[in-house]
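The values are calculated or read from the model by the stated rules, or taken from the named source; none is laboratory data. Remember, predicted model here, so these are calculated numbers, not experimental data. We place every Cβ from the backbone using ideal geometry, glycine too, and count neighbours over all the protein chains shown. Surface areas here come from the heavy atoms of the whole protein model, side chains and all, with no ligands, DNA or RNA. Shrake-Rupley method; radii C 1.70, N 1.55, O 1.52, S 1.80 Å.
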Amino acid sequence: MSLSSVRTSPRDTQPATRPLLHVDGLSMRIHDRQILRDVSLTIAPGEIVALTGESGSGKSMTAFAAMGLLPFAAETTGALRFDGTDLLSLSEERLCALRGRDIGMVFQEPMTALNPVQRIGDQVAETILIHKAAPRAEARRRAAEALVRVGLPPDRVPPTRYPHELSGGQRQRVVIAMAIALRPRLLIADEPTTALDVTTQAQILELLRGFVRDEGMGLMMITHDLAVVSEMADRIAVMKDGEIVEQGETATLLRTMRHPYTRQLFEASRHRADLPPARAEAPLLSVDGVTRRYPGPRRLFRPREDHVAVNGVSLEIRRGERVGLVGESGCGKSTLSRAILGLEPVQGGSISLDGRAVFSHGRPDPEVRRRVQVVFQDPYGSFNPRHRVGRLVSEPFHLLPDPPKGAARDAAIAEALTAVGLRPEHAESYIHAFSGGQRQRIAIARALIIRPELVIFDEAVSALDVRVRAQILDLIAGLSRSHGLTYLFISHDLSVVRGITDRVLVMRAGEIVEQGLTDAVFDNPQHWYTKSLIAAAPSLPQPSGGGDTDAGHPVP
Amino acid sequence: MTRNLVLGGALTALFLAAALLSYVWTPYDTEAMQIANRLQTPSAAHWFGTDHFGRDILSMIMVGARTSIAVALVAVGIGMGAGVPLGLAAAARHGGWLDEAIMRMNDLVFAFPSLVIAILITAILGPGATNAIIAIGIFNIPVFARLSRGAALSLWKREFILAARVAGKTAPRISAEHILPNIANLLIVQGTIQFSLGILAEAGLSYVGLGAQPPIPSWGRMLADAQTMVALAPHVAIMPGLAIVLMVLGLNLLGDGLRDRLDPRLRVVRA
Amino acid sequence: MLAYALKRLVILALSLALASLVIFLVVEVAPGDPASYMLGINARPDTVAALRAELGLDLPRAERYLAWVGGMVQGDFGTSYTYRAPVSQMVAERIRVSLPLALYALTLSVVIAFPAGIFAAARRGRAGDAGVIAATQLGIAIPNFWFAMLLVLLFAIKLRWFSAGGFPGWDDPLMGLKALTLPAVALALPQAAILTRVMRSSLLDILHEDFIRTARAKGLTRRQALWRHGVRNAMIPVLTIIGLQFSFLLAGAIIIEQVFFLPGLGRLIFQAITQRDLIVVESVVMLLVFAVISVNFLTDLAYAAVDPRLRTSR
């Protein structure tokens, strides 16, 4: 189900005369840092206003300001009027009375947003009880009702459950139930679907949209995802460095994009790297019926149930191919990549590179290992903070029987750093001196330094802001041209995979359910799961300029 | 807060200096008894007064600091030396039999409070400073094993460790090269705290007669000797006690200060 | 929940078995033959041999171990070499002092630490917090037996509110409790200082959790969020420390008993050591270890009561 097909249009109805929320010239500083600069926007009842921008742009801080949940050290000027009352001058007591009753909030991380030791029904009922809106029994009943409204009927998810017994999507529904239990007039959602899978995201967005449509709530939606923004919002405000650089009605803004930053953001989101033509030569990697089981918890009186992360997966990658592997979290794609890297033993099947098994006698074969390298997701966690870049980049030399030393080693490091767009002198710095995008470049340099035959990109651009992500994708495409890379690109993000691969595999619950040439699979999916993935993914509007985004994309 | 660091460092340095100085000089000879001078209150001649044998309490405290520091320091060394490798090995083989065995051994040692270990050892080998060291040291092993295992486990999940594994490095090598340097701060801070606990434990053991034996002076035994005279001459009991409190306080402040300086998020255990 | 409790129970039994083996072996390697020690240096070899047979010391090790453990399971801890009295009876008398003392101290420690920890956490960074932190710094640094001496000096010698030592027995429970008050306070205060710090820091950790922010978004005040969502979650690390503290208090009681001349397990064990009455040492140590391991078991059960994740996920 495409989101755009069920789009409601409250923007056809005129906003009420007085806006629900009126942010008027809001500025904020914490110690010496200016966090927000003269932010002004309004939200009317029944209106969805999206705040978007890259990380650190101040969009979340604006939301917290509207909830009166700012850090102690924050100094604010300007006004933040909710229904005519300035929230900034309100006493903490009055703010508490307002929060949860008139303004509800939904957070980014459903896994940690709930109290782990309290039943979900009680947590929802607390919203009602704290505002003395109903006696205890009545509050319970209304909490159960709120859970039904967010799609958690008692026969499937009883209110007596604890958070850890729920999936991420279900937990987010509980958070939403707490926020809407008293039917607030304004709902603030801070990246409500960023931590969720694409199919769950579609459901949660539809749920939020329903409250706006049916109950006339105003919704402030904070998200970095421009596709979500353009599908959901009535109006968009684009933030950069604490300022709103452009805002307007969605259709108008998407058409005009007066501010260059807005244009950059959308272009970067749509960006397709210029991939050299596909080659597919002799088979390189061959995965044959691989199964990886994790032993389940030992149980008394019952046989332990194993968790099968990867179930009889077979695939082949030919030399020069660029293969994508997509699937939602927990589908086994990372486990599979770790098995290929020789980091995880497998219980069945075989993995071989160029005919040579990754595992020989239960141990990973170093000969094979040196031919496969990896780039991980987290640019902040994938380097030892105590080592200099030179040492970090040259770590894979450990795999060589006769690693280069002295000047040869320095030259290799310099070459790898140059290849990824950095300078040789960066080898002397520590990792904390680099931005997220630069760190991903260093990670790529580390993967390339021993000239592997296969590189695995494991969610390698997922943690990056769109503009940086576009640059890294360009870098991968460039390296593909200059180094003739063969790679396996693992991602949950369909649009990224589409732009950077020739062939794609779709994984679900430990199995590969569909594979084929990337464009063929995306344009004409066969398996129901692939279809639902593609349907659930929000899409960016086509640029009005009539430019063809596929222009640079080779047809295999 | 640098205040903790400065104050704690100064107190610790003061006691270390006093202990070292006592090897070459003390105000009075601690073995010479002058019954005529017994139980004198603090004065210009005897800053901390004298005990029931007429010995100078300041001199006794200086020499006693040697015993306390030596026992506690060696015990921390035993705890770190055995505990950290065990903890790192357990983390490297997380979920395996080695991990299980090490953790069960830890639980077992934790089931014997250090005093009970000391009692057992004394029952067999007789009392003495060495046995106090062994007793306190054994008890320190699971503390460091648990701490380093916990810290190492969270590091093993980090991607930079995965990257090292992709580079073909073995678990012992990764433990030495990547894990140990990244838990060093934690170990230093915990070591300071265990040091202070060692001072307290040594005082307790020698108080009940399980620690250093006469004629080696120790703070705990000074207190035991003072107990019968506490009504008559409170200073004999108060001075050595203050020495223990200040030394332990200094080490704790130093530990807190180091933690704040090195990494405020460090989690130490205090038990 | 049942499976969890059963699993913990199995671990409890295994730990006890292992501990008894360690204690037995350690005492076995101890030099000195109890029989010759009891009879003195001038005893004739055949008298010693007869006594050895009477005490069962001539049996093979494995047999003696099993007999010891088997006896303990039935409440028979053997016969004291020196007093020729059943150890169980001696221990039973002494434990009536030591156990109440440890529990009294634990109660005091918890009663002081909880409010102090919550108070400090709620006032983080303000004067009240700084005061609590300074007090706990001092409390941690004070050796309990020295603190006990100061208490005696002030409350027994100067003010004469309490007696300086001795124990009148439980005939009058109030008098018994009064005699244990100074020792319990001496034991409890340093432990309370530790517990206060743990309570405070664990609450502060929880206050940074996302679910506290969620609670605030519902309209809870800072204080309500702390009480309704913070305290119970903060209990998990606090319980660990309380469990550990019990073993320290039991052991600490041994020392404090020396200060106040209390006829507890501590006095018994020191007498036994000087007289090489190894069977008494063995049994008392085993009893202490049993107490510690049982408390660990109870702590594990308490975790499950506090944290629903433990009830289902294992």
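Values computed for the structure shown
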item	result
Selected residue (only one of C:176, C:169 is part of a loop (DSSP other than H, G, I, E, B) and either under 23 Å from the mean Cα position of the chain (by Cα) or at pLDDT 85 or above (or both))	C:169
Breaking point among (1) within 14 Å of another protein chain (Cβ to nearest Cβ); (2) surrounded by 18 or more Cβ atoms within 10 Å (Cβ to Cβ), for residue B:104	(2)
Test for residue A:73: is it open to solvent by less than 50 Å² (accessible area, probe 1.4 Å), within 14 Å of another protein chain (Cβ to nearest Cβ), over 24 Å from residue C:310 (Cα atoms) and modelled with pLDDT under 90	yes
Test result for residue B:110, under 15 Å from residue B:195 (Cβ atoms), within 14 Å of chain C (Cβ to nearest Cβ) and either surrounded by fewer than 23 Cβ atoms within 10 Å (Cβ to Cβ) or modelled with pLDDT of 85 or more (or both)	no
Matching residues in the range C:96-107 - criterion: being touching a helix residue (DSSP H, G or I) at 6+ places or on another chain (Cβ under 7 Å) and surrounded by 20 or more Cβ atoms within 10 Å (Cβ to Cβ)	C:98, C:101, C:102, C:104, C:105, C:106
Selection within the range A:191-224 - buried (at least 22 other Cβ atoms within 10 Å of the Cβ) and acidic (Asp, Glu)	none
Selection status of residue C:243, outside any helix (DSSP H, G or I) and either within 24 Å of the chain's Cα centre (by Cα) or within 14 Å of chain A (Cβ to nearest Cβ) (or both)	no
Lone unmet requirement of (1) within 29 Å of residue A:461 (Cβ to Cβ); (2) without any contact (Cβ under 8 Å) to a residue 40 or more places away in the chain for residue A:211	(1)
Which listed residue is aliphatic (A, V, I, L, M) and open to solvent by 70 Å² or more (accessible area, probe 1.4 Å), from C:16, C:25	C:25
Residue in the range C:258-314 that is least open to solvent (accessible area, probe 1.4 Å), counting only those that are of a type in the set (Ser, Thr, Tyr) and away from chain A (no Cβ under 14 Å)	C:283
Wholly enclosed helices (runs of 4 or more DSSP H) of the range B:1-115 bearing at least 3 residues in contact (Cβ under 8 Å) with a residue 24 or more places away in the chain, farther than 30 Å from residue C:293 by Cβ and touching a Lys or Arg at 6+ places or on another chain (Cβ under 8 Å)	B:2-24
Subset of the range A:359-379 that is without any contact (Cβ under 8 Å) to a residue 60 or more places away in the chain and either charged (D, E, K, R) or within 12 Å of chain B (Cβ to nearest Cβ) (or both) - its residue that is most open to solvent (accessible area, probe 1.4 Å)	A:363
Residue pairs meeting the criteria (Cβ under 8 Å; at least 6 apart or on separate chains; first under 27 Å from residue B:224 (Cβ atoms), in the range C:128-153; second not in a helix (DSSP H, G or I))	C:140/B:270; C:149/B:230; C:152/B:230; C:152/C:164; C:152/C:165; C:153/B:230; C:153/B:231
Flag if residue C:228 is part of a helix (DSSP H, G or I), open to solvent by less than 30 Å² (accessible area, probe 1.4 Å) and within 13 Å of chain A (Cβ to nearest Cβ)	no
Only one of B:198, B:257, B:250, B:241 that is at pLDDT below 90, of a type outside the set (Lys, Arg) and open to solvent by less than 30 Å² (accessible area, probe 1.4 Å)	B:257
Top-ranked residue in the range A:31-61 [being in contact with a Gly (Cβ under 9 Å, 6 or more places away or on another chain) and within 19 Å of residue C:210 (Cβ to Cβ); ranked as surrounded by the most Cβ atoms within 10 Å (Cβ to Cβ)]	A:59
Residue selected from the range A:381-436 under the condition under 27 Å from the mean Cα position of the chain (by Cα) and touching a residue at least 60 places away in the same chain (Cβ under 8 Å), by the criterion surrounded by the most Cβ atoms within 10 Å (Cβ to Cβ)	A:383
Matching helices (runs of 4 or more DSSP H) fully within the range B:162-254 where at least 1 residues are under 22 Å from the mean Cα position of the chain (by Cα)	B:180-207, B:219-226
